[in-house]
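Only one structure is covered here, and it is reproduced in the block below.
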Amino acid sequence: MHWPFAAEDFVRLRDTLAWVAERSPYYRRLFTAAGVRPGELHTYDDFRTRVARTQKADLAANQRAHPPFGEFLAVPREEIASLHTSPGPIYIPRLAEERGGRPVLVEAIAAMGVRPREVAHVTLSYHVMPGGLRLHRAFEEHGCLVINGGTGASRLQVQIAHDYGATVYAGTPSFLANLADTACEMGLRLPYRIGFSTAEALTPALRQRLQAALGIELFDHIGEAQIGPVAGECRAHDGMHLHARDLFCEFLDPESGAPVGPGGVGELVATQLGRRALPLVRYAPRDAYRLLPGACPCGSPAPRVAFVGQVGAIKKIKGVLVHPAQIHAVTSQFPELGRFQVVVEHPAGERYERATLRAGTVRPPADADALRRTLAERLKATVLIQMEVALVPEGDVPETAGPPAFAEALVKR
């Protein structure tokens, strides 16, 4: 997958749209109402401007109205080979030929340096949701021996990982931290050397803590329940490579809808390519990514992205799209800091907005001036704008500004 797209990507897209229009009642009705004939879409702009997006709420509502799969279903029921469920619940039937993103997951596993016959410990949920099973099968396909750990039962999982000599961890970073603490209490050493971190944000502070405690090399990965794997880190650890081989991915400005280029922040809009039991066209999970400029030192030509956050929480400050999670990734590196709030003002008579980070302190810093300077420098490097920094007691920052919702973390006055 390329961005901007390659010519062959658009050919596959148009072929897929023709198949979907013929097979899916939902999209046949959508295309007819908009006067869209897939064969007449000659340019990407034709596709982007004429084909409406599909929101998760559209899919969920249609399935509730026409249970269980809705009018999106594009194949007869007898062709369905497996059933998956994602939060909502949303029901996802699959054809036998649909491999749930496993080919790109196998490539990502190999890129991390995982060797066949290593023991991989998968700790994502195997209960209803497909994440654990998807990763489990990918590690098996790579040739690993796989422990189906799932979630919970920390002491038992530590014992099993220790006894089997698991060298690869796959799951959330917070559960890995839990296992590390539990292993310490039990007087056991976890033998992990590589970690496939997913389903949660891997903050710089948490990465540093886990790597120091376990001697593990962590690789950040991201996916989405309906469309599968999206991107993952290589050994350069400089952004995540887009590895969505069977997705036509667009990255669009959340405000204008125009395509963004390197350095820009864009909302992911994805179309599944090829035959699918339940195809999704221009599916928008409301996730935003920053497209990283330049080539990766690893030599892979795949575009690199950094996850920014949910589109609804993003605000434009000084012309730059900013998500509170980006700021939280910086403030969480400092143990003196807790909640924060960014106040954006546009003083009368001044051309530009002024942004001030009100960083809540949970304990007095040893050197307040040094903390303010360092924090401002790291913020500039991360969110690409200059902010003034004010240290205030955490009690002065609204609780609603805190994670995970960050409801009042960015305030414009």
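The values are calculated or read from the model by the stated rules, or taken from the named source; none is laboratory data. Nothing here was measured: the structure is a model prediction, and the numbers come from that model. Virtual Cβ from ideal backbone geometry, glycine too; neighbours counted across all protein chains shown. With ligands, DNA and RNA removed, areas are computed over all heavy atoms of the protein, side chains included. Shrake-Rupley method; radii C 1.70, N 1.55, O 1.52, S 1.80 Å.
Observations
- The single condition among (1) assigned to a loop (DSSP other than H, G, I, E, B); (2) surrounded by fewer than 16 Cβ atoms within 10 Å (Cβ to Cβ); (3) modelled with pLDDT of 90 or more that Ala390 does not meet is (1).
- Residue in segment 10-27 that is exposed (fewer than 13 other Cβ atoms within 10 Å of the Cβ) and within 18 Å of Arg276 (Cα to Cα) present: yes
- Scanning segment 1-19 for residues that are of a type outside the set (D, E, K, R), part of a helix (DSSP H, G or I) and closer than 29 Å to Gly261 by Cα yields a count of 7.
- Test for Ser300: is it of a type in the set (Ser, Thr, Tyr), farther than 21 Å from Gly223 by Cα and over 17 Å from the mean Cα position of the chain (by Cα): no
- Looking across segment 265-275 at every residue that is touching a helix residue (DSSP H, G or I) at 6+ places or on another chain (Cβ under 8 Å) and of a type outside the set (Val, Ile, Thr), the one that is farthest from Ile80 (Cα to Cα) is identified as Glu267.
- Odd one out for Glu377, checked against (1) without any contact (Cβ under 8 Å) to a residue 24 or more places away in the chain; (2) open to solvent by less than 60 Å² (accessible area, probe 1.4 Å): (2)
- For segment 132-185, a residue qualifies if it is among the hydroxyl-bearing types (Ser, Thr, Tyr), within 23 Å of the chain's Cα centre (by Cα) and open to solvent by 60 Å² or more (accessible area, probe 1.4 Å), and exactly one does: Thr151.
- Among the criteria (1) out of contact with any Pro (no Cβ under 9 Å at 6 or more places or on another chain); (2) within 19 Å of Ile227 (Cβ to Cβ); (3) exposed (fewer than 14 other Cβ atoms within 10 Å of the Cβ), the one Ala7 does not fulfil is (2).
- Number of positions in segment 333-363 that are small (Gly, Ala, Ser) and in contact with a Ser or Thr (Cβ under 8 Å, 6 or more places away or on another chain): 2
- From the list Ala313, Ala288, Ala295, Ala325, the lone residue that is open to solvent by 10 Å² or more (accessible area, probe 1.4 Å) and either among the aromatic types (Phe, Trp, Tyr) or under 13 Å from the mean Cα position of the chain (by Cα) (or both) is Ala325.
- Search result, residues across segment 60-106 that are within 26 Å of the chain's Cα centre (by Cα) and among the acidic types (Asp, Glu): Glu97, Glu98
- Matching residues in segment 299-336 - criterion: being of a type in the set (Lys, Arg) and not in a strand (DSSP E or B): Lys318
- Where Tyr352 falls short, out of the listed (1) under 30 Å from Pro68 (Cα atoms); (2) surrounded by fewer than 16 Cβ atoms within 10 Å (Cβ to Cβ); (3) among the aromatic types (Phe, Trp, Tyr): (1)
- Segment 5-25, subset under 27 Å from the mean Cα position of the chain (by Cα) and acidic (Asp, Glu), residue nearest to Gln63 (Cα to Cα): Asp9
- Residue check, Arg339 part of a strand (DSSP E or B), open to solvent by 30 Å² or more (accessible area, probe 1.4 Å) and touching a helix residue (DSSP H, G or I) at 6+ places or on another chain (Cβ under 6 Å): yes
- Test: residue in segment 206-218 that is surrounded by 15 or more Cβ atoms within 10 Å (Cβ to Cβ) and part of a strand (DSSP E or B): yes
- On inspection, Arg28 does not qualify as under 28 Å from the mean Cα position of the chain (by Cα) and on the phi < 0 side of the Ramachandran plot.
- Qualifying residue in segment 312-330 (condition: basic (Lys, Arg), at pLDDT below 95 and under 30 Å from Ala81 (Cα atoms)): no
- Members of segment 62-93 found to be of a type outside the set (Gly, Ala, Ser) and open to solvent by 60 Å² or more (accessible area, probe 1.4 Å), listed by number: Arg64, His66, Pro67, Arg77, Glu78, Glu79, Leu83, Pro87, Tyr91
For every residue, the table says whether it meets (1) within 30 Å of Asp220 (Cβ to Cβ); (2) not hydrophobic (A, V, I, L, M, F, W, C).
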residue: Phe5; (1), (2): yes, no
residue: Leu41; (1), (2): no, no
residue: Thr49; (1), (2): no, yes
residue: Ala52; (1), (2): no, no
residue: Gln55; (1), (2): yes, yes
residue: Gln63; (1), (2): no, yes
residue: Ile109; (1), (2): yes, no
residue: Met112; (1), (2): yes, no
